[in-house]
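Below: the structure, in structure tokens.
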């Protein structure tokens, strides 16, 4: 008899990267029918790549349309997985779907990073004995072994990702500081810079490059809207990554590439703790609220805005062993 397991989850790149081991564990068991239930509509092109053969069920955001969906799937699942830190809305939806079992657990004896927590869930649920000891790069849906290099010859390059979703004002480091950091790197090192981004970020990134001194522009390559596998191979070919807490962070984490993450409101469970990742916080706010906008009046997202360029540069120097 088949077991039906649903996962209530987001659809962003970071969400799909960290839930990938759970999906693989479900795919290893032929007796399991798996479903990813999500209201995300911005990453639908990734669902086939990351989730297949798990069926993706798109949930509407409007409550009037959501209620018929709840009735349709009510009592259908043997287990619904919420992850260690579901929102109140996600937890409520899980209860309304009324599975035989609802799973959400934070493992206190396991590092808080959500990927480690999910792997602990896989073990405790008895879904797979193989996932725990795997190389994290094997969780990706393809083998990222070829190292793409955007510059034909010369010194190594750093991959940087200055972007983030626009509504995440609490994770967007000011673009003026990105510019100052890039000028510092280009002045004090031989590194070239490969700037990663999505199509919507092209105007701001092109403006960022145009504002730089002319003498540096031959050492900059703009890689916009590349297929994700190509991005992974660019990261592999780089000397390291500098980014916000976004999908690129979790991709470079799985690839075990040295990474400096400029972290704003992201909770500790979204901050990789591995030695190849350095998370920089301002220390000016300890809420780690994970909110799109700063919930505290007059703070103006100082969790991210309070990180100065010198602090990031010093971390880059130490982490990438710049002499």
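Values for this structure:
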{"item": "Mean ellipticity per residue at 222 nm, deg cm²/dmol - from DSSP H runs of n ≥ 4 across the chain, formula -39500 (n - 2.57)", "result": "-10000 deg cm²/dmol"}
{"item": "Square roots of 5 times each gyration tensor eigenvalue, C-alpha, the stretch 157-319, largest first, Å", "result": "23, 18, 16"}
{"item": "Packing-based exposure ordering (other Cβ within 10 Å, fewest first) of 108, 278, 179", "result": "108, 179, 278"}
{"item": "Packing-based ranking, highest mean first, of 143-151, 253-261 given that Cβ atoms within 10 Å are counted", "result": "253-261, 143-151"}
{"item": "Quarter of the Cα convex hull surface for the stretch 211-298, i.e. its orientation-mean projected area (nm²)", "result": "7.9 nm²"}
{"item": "Degrees, to the nearest 10: 175-188 long Cα axis against longest axis of the chain", "result": "50 degrees"}
{"item": "Relative packing of peptides 64-77, 120-133, 21-34 - highest average C-beta neighbours within 10 Å first", "result": "21-34, 120-133, 64-77"}
{"item": "Cα pair distances in the chain, grouped into 20 Å bins until the bin that holds the longest one, percent each", "result": "30, 56, 14, 0"}
{"item": "Percent of Cα pairs exceeding the 20 Å cut-off, where the set is the stretch 3-134", "result": "42 percent"}
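Read-outs: derived from the displayed coordinates by stated rules, not from any lab. Small disclaimer: the values here were computed from a predicted structure and weren't measured. Positions of Cβ are generated from backbone atoms using ideal geometry, with glycine treated the same way; all protein chains shown enter the neighbour counts.
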